[in-house]
Amino acid sequence: MFYPGARRLAVTLLAALATVALLPTAPAAALPVQAKWPISVLLCKFLDRPEEPKPPQFFKDLLTAEGLGKGGLADFVAEQSRGRVALEGEVHGWYTIPKTYSQWRDEGWYSRNKPKDCVQSAQSQGWTRPPGSALFVIINTAEGGIGRASYNSRENRIIVLDSTAWTLNRAAFEFGRLNGLNHRLSLFLNQRPTDVGNPYDTMSSSTTHFPPSERFGEGAIALAAPSLDELGWLPGWRVTTLGKDGVGTRTVRLAPIEQPERPGALMVRVPYDPKRPDRYLTVEFRKKTGRSSAIPKDSILIHQYQERSWPTLLMENETNPTPVQSYRSDGVEIKLDSVTADSATVTVSTDVTSKCGFEYVPRAAVAGDNACVTPAVRDSTAADNADQPNRLDAHGACRWGYVYREITPADVACVSPTVKYQAEQDTAATPTRINVAQHVWGPNACKDGYVWRMADDSDYVCVSPETRHQTLDDNAAAASRWTDGPAGPKSCVQGYVWRESYVGDQVCVTPAVRDQARADNAAAWERVKES
């Protein structure tokens with residue numbers, strides 16, 4: 001369903017995003033992922049190792065849509081994306097690589113030839129890689145326990161898995177990697193990020209609290225809120241950005257990430273650096289249930305975005321590696337108030353709402369003057385103040401050519417008319433220069449010239465402003481284009497088709513608009529703003 005308030009929210013965001021397009025953001029790593037996700041799986045063996053340890057059906061159940069209802073990757077993706085993404089694809093093989101295992105191994109595990117050998121063997125028997133598909137290359141032996149190698153880029157998404165990595169946990173991890181998520185780390189307070197991993201996110205597969213899996217070895221814990229956010233799987237109205245409305249302290253009810261149907265926010269962003277909208281903390285509530293059944297207990301998690309482009313989980317210390325349950329630093333305070341069976345309540349505060357943002361600094365022309373100006377203007381203001389004795393006539397008034405600055409009624413500093421005008425302009429512009437929180441949009445901010453499409457409340461695909469207006473118009477007209485038909489009560493009237501911008505998008509549009517939606521989905525990665 002599309003979000004009923006999306007059109008109203010879009011009008012507000014359209015003007016705001018025109019401003020944010022000019023502002024610095026964090027480097028883009030992941031991208032919004034929705035609709036059908038094509039995958040191709042190749043099974044390969046060696047001249048001297050002809051064994052086929054698992055039948056092709058095992059990999060169909062693990063890695064493709066045939067695994068729906070069987071505990072495979074398709075179930076994990078459908079659950080974590082709230083049904084917005086559906087896997088599609090096929091499994092091919094077993095193919096024989098025309099090399100012995102030792103010949104293949106001696107080229108080096110991370111050699112670019114590793115996937116090529118299997119791909120060429122498949123191509124020689126008629127296989128063709130579907131356009132835009134991710135490729136899983138499966139080899140029938142263990143490669144020294146390494147398990148996998150990634151040959152991942154925006155143009156060529158390939159993963160090689162050996163027999164030690166045929167697990168749901170590894171499949172979920174690689175799905176995230178193929179969509180731009182980085183390996184998740186933890187941060188012991190007052191230290192740099194460590195390699196201990198983040199045991200509360202499947203994107204740290206080596207140290208995760210694995211839930212049980214009946215068929216596929218290690219299960220996959222739920223993605224943490226920052227990972228869900230980067231993939232575009234958190235509805236905008238379920239994310240609270242503290243300070244965006246100018247209020248620097250709030251008490252927020254959090255619903256469990258594992259139970260998004262419960263009321264409450266799923267994540268809170270807390271900006272802490274007045275100069276950088278890409279530096280913020282996140283707060284979420286994790287419940288010991290479902291995919292998180294192996295975590296020690298219900299708790300909140302606090303992640304921090306800092307000099308890296310990905311979040312780190314804040315932990316107590318090496319002797320007590322548990323998630324912090326409170327935080328106080330950098331003008332931010334996060335306090336856990338209570339935990340119940342279905343929610344947690346936190347009080348969060350930040351002082352960025354009262355500080356000048358980006359390159360701006362307080363002018364400090366007179367006591368209490370907090371207008372935000374450039375450092376050059378601040379320095380010239382201080383120089384004007386210091387030069388006052390030379391600008392007064394014998395009667396204590398401003399000499400010819402100077403006027404009273406009048407930043408406040410009591411401000412009788414003598415400055416040039418140009419400086420007075422500049423002071424008035426800076427004072428008027430201060431509301432747009434203060435409080436970096438109003439410019440925090442999260443990891444899917446669009447490049448200049450693009451805005452979120454907003455086909456529904458989780459649609460962060462970046463499109464042209466014209467396409468978004470078309471999207472909102474189509475949403476508004478949805479009911480008038482539905483009719484009872486072969487596909488049920490939301491069949492499209494003649495001349496229209498489902499838009500399918502995400503799985504379940506049944507808004508009826510012209511075929512040209514559906515084609516545009518598919519093209520925009522395919523281009524999503526290249527339109528996310530990078531630093």
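The values are calculated or read from the model by the stated rules, or taken from the named source; none is laboratory data. All values derive from a computational prediction rather than experimental measurement. No Cβ is skipped: glycine too gets one built from the backbone with ideal geometry, and neighbour counts run over all protein chains shown. Keep in mind that these areas ignore ligands, DNA and RNA; they rest on the heavy atoms of the full protein, side chains included. Shrake-Rupley method; radii C 1.70, N 1.55, O 1.52, S 1.80 Å.
Hey, with R₀ at 41 Å, roughly what FRET efficiency would Gln494 and Thr289 work out to, going by the Cβ-Cβ distance, to 0.05?
Details: r = 47 Å, r/R0 = 1.15.
Working from the Cβ atoms, E equals 0.30.
Compactness check for region 63-123: Cα Rg over 2.2 N^0.38 Å is 1.55. Restricting to region 413-531, compute how many DSSP beta bridges are antiparallel as a %, nearest 5. So the antiparallel bridges amount to about 100 percent of the total. Rounded to the nearest whole Hz, the Karplus-based 3J(HN,Hα) values (6.51 cos²θ - 1.76 cosθ + 1.60, θ = phi - 60°) of region 237-244 follow the sequence 6, 9, 10, 9, 9, 4, x, 4, with x at glycine and proline. The calculated pair-distance distribution of the chain uses every alpha carbon pair, bins of 20 angstrom beginning at 0, and gives 20, 45, 26, 8, 1, 0 percent. Using the Cβ-Cβ distance between Asn317 and Asn370 with R0 = 51 Å, the FRET efficiency computed as 1/(1 + (r/R0)^6) comes to roughly 0.85.
Taking GluC sites (Glu not before Pro) as exposed when DSSP calls them loop and at most 16 other C-beta atoms lie within 10 angstrom, the chain has its longest site-free stretch at 407-529.
Taking every DSSP beta bridge with both residues inside the chain, roughly what % is antiparallel (nearest 5)?
Counting only bridges with both partners in the chain, antiparallel ones make up about 65 percent.
Taking a ≥ b ≥ c as the square roots of the eigenvalues of the Cα gyration tensor, region 395-531 is classed as prolate, since a/c reaches at least 1.5 and a/b is larger than b/c.
The length gained on full extension between Asp411 and Glu333, counted as 0.36 nm times the residue separation minus their Cα-Cα distance, comes to 24.4 nm. Surface exposure of the chain, expressed per residue as accessible area with a 1.4 Å probe, stands at 43 Å².
For Asp61, the solvent-accessible surface with a 1.4 Å probe is about 10 Å², rounded to the nearest 10. Sequentially through region 447-454, phi angles give Karplus couplings (6.51, -1.76, 1.60; θ = phi - 60°) of 5, 3, x, 10, 9, 5, 6, 6 Hz, Gly and Pro residues having no value and appearing as x. Karplus-based coupling profile of region 261-273, in residue order and whole Hz: 6, 7, x, x, 6, 9, 7, 10, 9, 10, x, 10, 10, with θ = phi - 60° in 6.51 cos²θ - 1.76 cosθ + 1.60 and x standing for Gly or Pro.
Computed over region 265-412, the P(r) tail beyond 29 angstrom holds 44 percent of alpha carbon pairs. Label-to-label distance for Asp48 and Asp342 is 6.2 nm, based on points extended 7 Å past Cα in the beta-carbon direction.
Averaged over every viewing direction, what's the projected area of the C-alpha convex hull for region 272-333? Give it in nm², one decimal, please. The partial results should precede the final answer.
Numbers: hull surface 20.4 nm².
Mean projected area for region 272-333: 5.1 nm², to one decimal.
Using Cα centres only, tell me the gap between region 338-394 and region 251-299 in whole Å. Using only Cα atoms, the two centres lie 31 Å from each other.
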